[in-house]
1. Note down the nm distance, to one decimal, between modelled labels 7 Å out along Cα→Cβ at residue 40 and at residue 124.
2. On a full-extension model of 0.36 nm per residue, what is the gain between residue 83 and residue 136, subtracting their alpha-carbon distance, rounded to one decimal in nm?
3. Which order results if 126, 47 are arranged by neighbouring Cβ count within 10 Å, fewest first?
């Protein structure tokens, strides 16, 4: 996994996002940020043979890493790729000395809800049309 740094990365990410958005699994298109020291946001991409296959957008909060978006290239793709992206984000958070991961998923995205539960995330409540999850990592 590496930081997204080019316009080509942004194009690849938008191509990944489009089917999720059209299927109603996302509320809005994400605002792609390479890296912002001001609000501690960054976008990471996962490549296979030089092709961006998935990405994760994060934001460092006080003592946790907030996962803003995590997606893989195919809407019906394997959760293995998602597990890898999530694991690498958790590793980044641990190395940064953060204590927890926070994320949310749309209530109608049952596949994502089950995926996060299988990865050890616990439901913390609801916000708008999303379920909020939390996981202690340190």
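1. Distance between label points: 1.4 nm.
2. Difference between extended and current length: 17.4 nm.
3. Lowest count first: 126, 47.
Every read-out reported here was derived from the displayed coordinates using simple, explicitly stated rules and does not represent laboratory data. The structure displayed is predicted, hence computed values, not measured ones. Cβ sites come from the backbone with ideal geometry, for glycine too, and all protein chains shown count toward neighbours.
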